[in-house]
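The values are calculated or read from the model by the stated rules, or taken from the named source; none is laboratory data. Keep in mind the model is a prediction, meaning the values are calculated, not measured. Methodologically, a virtual Cβ is constructed for each residue, glycine included, from the backbone with ideal geometry; neighbour enumeration extends over all protein chains shown.
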Amino acid sequence: MELNPNYPTPVEHLTRLSRVGDAGDPTFAPCDLWVKREDLTHPAYGGNKVRKLERILVEARARGVRRIVTVGAAGSHQVLATALFGRQAGFDVEAVLLPQPRSEHAVANLRAALGLGARVFPVRSYAAAPWAIVRRLYAPRGGLAGHGPTLYVPVGGSNRQGTLGYVDAARELAKQIREGAMPEPDVAVVTLGSGGTAAGLAAGLAIEGLKTRVVGVAVAAPVWGVSLAARWLAWRCGRWRVRLRVEGRYLGRGYGHRTPSGDRATMLAEASGLTLDPTYTAKAFAAALDLVASGRHRHVLYVHTLSSAPMAPLLAGAPGEQDLGPELAQLFR
């Protein structure tokens with residue numbers, strides 16, 4: 001399924017945020033901070049969901065699917081990206097939506113997904129989600145429930161096909177390193193929610209023979225659960241033994257809650273031309289900055305997974321927040 005993505009995404013040196021050595025102090029350990037601009041994967045809507053959906057939509061077409069059912073938080077990037085690219089590819093898109101803390105970013109994502117034609121089914125708790133998903137998957141033919149073969153895409157697009165999208169990204173990165181675009185990083189820092197992005201990177205770097213350790217910054221609880229999910233996904237991509245460390249110290253109060261370190265990271269990133277969100281990338285970038293400051297590494301890579309494409313075109317014709325209705329409005333706690 002051709003999404004017309006922008007590959008390879010560039011790697012850039014963040015000079016302002018690197019740890020610059022002091023020529024007068026031989027004990028000072030410099031550290032370069034780099035970023036892989038996954039925010040630029042697509043001009044309409046970038047971020048890490050593009051690589052995942054590229055493979056998922058190929059599978060959907062091969063299986064003769066007419067309808068895609070997915071699940072995510074109220075302001076899910078996965079739901080928005082699936083609505084955009086899935087609908088463009090001719091699939092009906094449905095999503096079971098879960099509660100999350102309110103932010104302007106999350107509300108805009110939901111409004112855009114609705115405007116793009118996603119049919120959404122809110123539930124009041126995570127415990128209610130499995131039954132709601134089953135109901136959508138086995139909805140009767142015809143009528144409002146949709147009809148025809150259906151593909152289920154789990155939260156974050158993190159099934160085997162979606163995770164292989166980030167094996168592809170790791171191979172792309174390895175090629176950039178070998179061509180001299182950047183040195184081999186000691187660590188690559190990325191958000192870890194559903195696990196597919198971190199797992200695919202770790203598996204792909206192992207396949208390519210790189211020694212880079214992936215640091216997955218947990219943005220959801222329990223940390224042991226998301227860690228196990230990531231390792232299982234890496235195994236499904238052919239690598240059980242991977243250099244992957246899951247970092248849980250930046251989670252704060254939980255999924256969707258901003259943190260002081262994330263707010264600081266957001267301000268510093270903005271000065272270097274990167275826009276972060278409080279749920280995912282602010283926490284990962286805070287971890288990357290701390291790794292640079294630690295002096296334990298020579299090269300740190302931050303993988304920027306949030307779309308930087310303008311939201312205005314996606315919100316054209318979308319309902320306003322006041323038009324969401326009580327069921328959807330109550331998802332934002």
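A few comments on the model shown:
- Only one entry in I68, I56 is assigned to a helix (DSSP H, G or I) and surrounded by 16 or more Cβ atoms within 10 Å (Cβ to Cβ), namely I56.
- Criterion (more than 19 Å from F285 (Cβ to Cβ) and among the basic types (K, R)) met by exactly one of R236, R253, R249: R236
Results for (1) in the same structural domain as N109 (by TED's automatic domain parsing); (2) without any contact (Cβ under 8 Å) to a residue 24 or more places away in the chain; (3) of a type in the set (S, T, Y); (4) surrounded by 20 or more Cβ atoms within 10 Å (Cβ to Cβ), shown as yes or no for each residue.
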{"site": "G238", "(1), (2), (3), (4)": "no, no, no, no"}
{"site": "G252", "(1), (2), (3), (4)": "no, no, no, no"}
{"site": "P260", "(1), (2), (3), (4)": "no, yes, no, no"}
{"site": "A284", "(1), (2), (3), (4)": "no, no, no, yes"}
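- Candidate set: the stretch 286-307, residues that are crowded, with 17+ Cβ neighbours inside 10 Å and of a type in the set (G, A, S); chosen: the one farthest from R249 (Cα to Cα): S307
- Which listed residue, of A229, A221, is touching a residue at least 40 places away in the same chain (Cβ under 8 Å) and farther than 25 Å from R37 by Cβ: A229
- Taken together, the criteria exclude R102 from residues that are more than 19 Å from T191 (Cβ to Cβ) and either of a type in the set (S, T, N, Q) or assigned to a helix (DSSP H, G or I) (or both).
- V190 meets all of the listed conditions (1) hydrophobic (A, V, I, L, M, F, W, C); (2) more than 12 Å from Y166 (Cβ to Cβ); (3) modelled with pLDDT of 95 or more but one, namely (2).
- Among (1) in contact with a Lys or Arg (Cβ under 9 Å, 6 or more places away or on another chain); (2) surrounded by fewer than 18 Cβ atoms within 10 Å (Cβ to Cβ); (3) more than 30 Å from L14 (Cα to Cα) - the single one S125 does not satisfy: (1)
- In this entry, R213 passes the filter for residues that are modelled with pLDDT of 95 or more and touching a strand residue (DSSP E or B) at 6+ places or on another chain (Cβ under 6 Å).
- First in the stretch 95-118 and without any contact (Cβ under 8 Å) to a residue 60 or more places away in the chain, second anywhere and in a loop (DSSP other than H, G, I, E, B) and not hydroxyl-bearing (S, T, Y), Cβ under 7 Å, 6 or more apart: A95/A118; V96/V123; N109/G75
- Among the residues of the stretch 255-303, those that are acidic (D, E) and within 21 Å of H77 (Cβ to Cβ) comprise D263, E270, D277.
Conditions (1) modelled with pLDDT under 95; (2) within 30 Å of V167 (Cα to Cα); (3) charged (D, E, K, R), marked per residue:
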residue: G248; (1), (2), (3): no, yes, no
residue: M267; (1), (2), (3): no, no, no
residue: T281; (1), (2), (3): no, yes, no
residue: F285; (1), (2), (3): no, yes, no
residue: D290; (1), (2), (3): no, yes, yes
residue: H299; (1), (2), (3): no, yes, no
residue: L306; (1), (2), (3): no, yes, no
residue: A318; (1), (2), (3): no, no, no
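- Residue among G254, G325 that is among the small types (G, A, S), within 18 Å of the chain's Cα centre (by Cα) and on the phi > 0 side of the Ramachandran plot: G254
- Given (1) closer than 22 Å to G193 by Cα; (2) modelled with pLDDT under 95; (3) in contact with a Leu (Cβ under 6 Å, 6 or more places away or on another chain), index of the condition I68 fails: (2)
- When S158, S125 are checked against the criterion of being over 25 Å from G47 (Cβ atoms) and not acidic (D, E), S125 stands alone in meeting it.
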